[in-house]
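To keep things clear, I will list the structure first and then write my remarks on it.
The values are calculated or read from the model by the stated rules, or taken from the named source; none is laboratory data. Note that the coordinates shown come from a computational prediction; the quantities given were computed from them, not determined experimentally. Cβ placement follows ideal geometry from the backbone for every residue including glycine, while neighbour counts extend to all protein chains displayed. Ligands, DNA and RNA are excluded from the accessible area calculation, which covers all protein heavy atoms including side chains. Shrake-Rupley method; radii C 1.70, N 1.55, O 1.52, S 1.80 Å.
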Amino acid sequence: MSAAPAAAAAAPAGAAMEVAAAIDQGTQSTRVFLFDRAGGVVASHQVPLRQIYPKAGWCEHDPMLIWGTVEACIEGALASAREKLGQDVQVKALGITNQRETTVLWSRSTGEPLHNAIVWLDNRTSEVCARLQESLPGGKDHFRPVTGLPISTYFSAYKVQWLLENCDKVRAAVDSGDALFGTVDSWLIWQLTGGARGGVHVTDASNASRTNMLDLRTRQWHAPFVELFGLNLGVMPRVASNAEVLGHVKEGPLAGVPISGCLGDQQAALVGQRCGRGEAKNTYGTGCFMLLNTGSELVPSTHGLLTTFGYQLGPKAAPHYALEGSIAVAGLGISWLKDNLRLIDSADESEALAASVPDTGGVYFVPAFSGLLAPHWIEDARGVLLGMTGFTTRAHVVRAMLEAICFQTREVLDAMRADADMSHMAVLRVDGGAAKNDLLMQLQSDLLHVPVSRPLFQETTALGAALAAGLAVGFYPHDFVTTHPENHSTLFRPAVSLDNSEKRYAHWRKAVSRSLALAELADQ
Ligand code: ADP
């Protein structure tokens, strides 16, 4: 885990320590963090999540397993806090943040999932998407004016449509009114609040904005789109703000605790980084997600970004919107080098190995494993590794993967500059599991030619969920939630000439052009 600000001094002997808890349900693991009133981490617990790959390009999670990891993490974090502090720990608020778009349908009567969750990066819906793109008058951008999103395998509605067309159990449950739809936040809140015995069916506007069924302006479901994708409003969760009491935990170690914060992981990081209007952050996890807070303004994108919901810290608070560039493969590329190619033994090793060579020796890696998301939105792209010579070693390949993360970010930043006024962006704020890699951060600053600011505590996603939850119940004051803490970051400045980074970027673009239209090859 990354360095956390020291937890505030323990409460006086005998008194209970009061904390805000955050569940961070990510793609590759689940974590629970307990934060004190100063935003310091008191304890945390992490459990990996099993990935299910039924076919190339498909990725599923078992919803019951997701729930099991959450239960285990709650127990683990509380046990660790009690052991460390030797005193009682009282959880005053619970926030939830989660992998977005991942789609769950379950039975309201039995609580059983109707199918495995279809994960955000799963691309089984490419045919559904192609069909809609051809038949709808607006083509790929048909939904953009309402939802801010292009047609892509990425978003939940297409996953729902696939399930309705391919899974009888789902179809029957939707028809009979027994089905409930949700992203992972809804699934977890429903379980936490009692499941089939009175569970609350709710989501927040940030998660809802990733389904392609939310009207961004009203922040309510757009009924014609809900119906177009084969659902009805009875199946949909209520859409709430990010900081309000959504329900109370029904049983277990957190029984009675208010669930008072809920945000999709990238929006939670925006809050955790305290990014106000005009500020941007990039999170380096499985994928990479850059969000620019555009305040109350809904900025349409004509350069391949998403217009999305940012956050609303209370039902009556002003909503913030964002422009987002989503990249599917970032840290996942490093995991792939470890697990599939076995070029490294651990993700951390990527740093020392890549640093053992001064450059990539002309190697470029486009990890378009399931197509390219922002700003391209090309489904039939596939990975390419090019520029190899007899001189190339695994160190060059690993370094090329790190650079690929940075080049993809550069493409997104260029699109943001074209879509919005970024003149106030002095630094790019970064976080996420891979952001602890110093070399990656230096390469990022070099290849963007922008300073990169990394907070000492990089689990900003969990922090954002805890801040929102704490704000709603008065555990954290508003100023604390919205103001940048001082002296809590490391700054990486560009260390190469602009000419050097532009040249390398031009080569990258050439490499991207070679990755297009390769899906047929991979499908053989
Ligand atoms: P998520 O929340 O999407 O599950 P995390 O924020 O936990 O992801 O980040 C995990 C990802 O970061 C993994 O894909 C892993 O390969 C990558 N990663 C972790 N440590 C490093 C490192 N030192 N250098 C590069 N990548 C790393």
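Quick notes on this structure:
- Cα gyration tensor shape for the stretch 275-385, rounded if a/c is under 1.5, else prolate or oblate: prolate
- Cβ-based net charge around ALA79, under 15 Å, with every Lys or Arg adding one and every Asp or Glu removing one: -1
- Alpha-carbon centroid distance for the pair the stretch 180-225 / the stretch 263-321, whole angstrom: 19 Å
- A Förster radius of 25 Å, combined with the Cβ-Cβ distance separating LEU233 from ASP178, puts the computed FRET efficiency at roughly 0.95.
- Note on GLN51 and THR302: the extension gain reaches 86.9 nm, defined as 0.36 nm multiplied by sequence separation minus the Cα-Cα distance.
- At least 20 Å along the helix axis (C-alpha) and Kyte average at least 0.5, DSSP helices within the chain: 63-85
- Counting 0.36 nm for each residue step from ALA130 to ALA16 and taking away their Cα separation leaves a gain of 35.4 nm.
- Alpha-carbon centroids, the stretch 414-428 and the stretch 118-134: separation in whole Å: 30 Å
- Packing-based order for 94-105, 120-131, 384-395, using average beta carbon neighbours within 10 Å, highest first: 94-105, 120-131, 384-395
- Using a Förster distance of 51 Å, the FRET efficiency for LYS503-LYS140 (Cβ separation, nearest 0.05): 0.95
- Near PRO113: Cβ cut-off under 14 Å, other residues only, Lys/Arg at +1 and Asp/Glu at -1. The net charge is -1.
- Take the stretch 405-524 with all the other protein chains still there, run a 1.4 Å probe, and you get 44 Å² of accessible area per residue.
- Expected 222 nm ellipticity per residue - DSSP helices of 4 or more, -39500 (n - 2.57), all of the chain, to 500: -10000 deg cm²/dmol
- The stretch 348-373-the stretch 18-46 distance, computed between alpha-carbon centres (Å): 31 Å
- Summed residue charge, Cβ within 12 Å of ILE189's Cβ, Lys/Arg positive, Asp/Glu negative: 0
- Percentage relative contact order, the stretch 369-524, counting C-alpha pairs under 8 Å, at least six apart: 30 percent
- Note on the stretch 11-155: antiparallel DSSP beta bridges, both residues inside, total approximately 65 percent of the bridges counted.
- Share, in percent, of DSSP beta bridges within the chain that are antiparallel, nearest 5: 70 percent
- Assuming charge only on the beta carbon of Lys and Arg (+1) and of Asp and Glu (-1), the dipole of the stretch 299-416 about its Cα centre is about 100 debye to the nearest 20.
- Spin-label pair ARG277/ALA38, simplified geometry with 7 Å Cα→Cβ offset, distance in nm: 3.3 nm
- Computed packing ranks the peptides 346-356, 315-325, 366-376, 33-43 as 366-376, 33-43, 315-325, 346-356, most packed first, by mean other Cβ atoms within 10 Å.
- Cα gyration tensor shape of the stretch 190-320, rounded if a/c is under 1.5, else prolate or oblate by comparing a/b with b/c: oblate
- Carbon plus sulfur fraction of accessible area for the chain, probe 1.4 Å, in percent: 52 percent
- This model, with +1 at the C-beta of Lys and Arg and -1 at the C-beta of Asp and Glu, gives the chain a dipole about its Cα centre of some 280 debye.
- Prolate/oblate/rounded call for the stretch 24-158, Cα gyration tensor, a/c under 1.5 rounded: prolate
- Extended-chain gain in nm, criterion 0.36 nm per residue less alpha-carbon gap, ALA196 and ALA79: 39.3 nm
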